[in-house]
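Taken together, the values in this text are just the output of simple stated rules run on the coordinates, not laboratory data. Quantities reported herein were computed from a predicted structural model and do not represent experimental measurements. FYI the Cβ positions are ideal-geometry reconstructions off the backbone, even for glycines, and counts take in every protein chain you see.
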Amino acid sequence: MIKNSNKRVGRLDMGNKFLTLIIAFCYSIVFGSIELSFNNYSESNGTADVVYSSSVEIGGFQIGLLGGSLSGASGGAAAENGFTMSSSSTTLLGFSFSGATIPAGNGILATLSFESTASQICLDSPVISTGSGSAVDVFLVNSCVGDIPPVVGCSDPQACNFDENATAEGECLYPETNYDCNGNCLINEDCNGDCGGLSVVDACGVCGGDSTDPDACGVPVYYSSSEDFGGFQFS
């Protein structure tokens, strides 16, 4: 029996018998990490291995299943270390009545058997604890088997829309010359604000002007008159 302060009680149908189990997971402290994945899937046999890689000992596990109908589990490190495994159609539960644990390491956790399979079967919402009841971070890697639809996306890391999960090549988008993917200019702007532009302020303070003599710039004089005039003088 695995203890925890939350005292979550789960009831699992085991044919004509019902076994009430108090599953203990301490969520206040996360201890170590585990990766779970599927391997050796056989559609004809209706079986698949759950593979683990763990930095800590495993004291108990509960693993959900999406797609297909689970009929049971056997073998693997769970059986080798005296774990009792029971299942519903969508959930696998494993623990040891004697408090035994699965040592840190990697290998096959258990082999799942299915009454029926869907086009795709995935591991879902795993919960794993150490022998002392501390919760463990669980990461799913290659956690689906069957007909997995392609993920269309750009596989070029230099593109603006790079998708690390892409399995089928899609359209890649790239920034304009001298710009990054957010539209920021990567080089100097000229006096007109043009990225990489060549305009400069001339001697008279005009952007893009051609004056080189500041004494020849002159000052414009504006007028407003209701009468025609034939000459002018001012100082």
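Structure summary
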| item | result |
| --- | --- |
| Rounded Å value of the spacing that divides the Cα centres of region 68-82 and region 178-196 | 60 Å |
| Qualifying GluC sites (Glu not before Pro) for region 150-185 [loop in DSSP, other Cβ within 10 Å: at most 16] | Glu164, Glu171, Glu176 |
| Among 154-160, 60-66, the order from most to least packed when residues are scored by Cβ within 10 Å on average | 60-66, 154-160 |
| Cβ-based exposure ranking for Ile128, Ile34, in which fewest neighbours within 10 Å come first | Ile34, Ile128 |
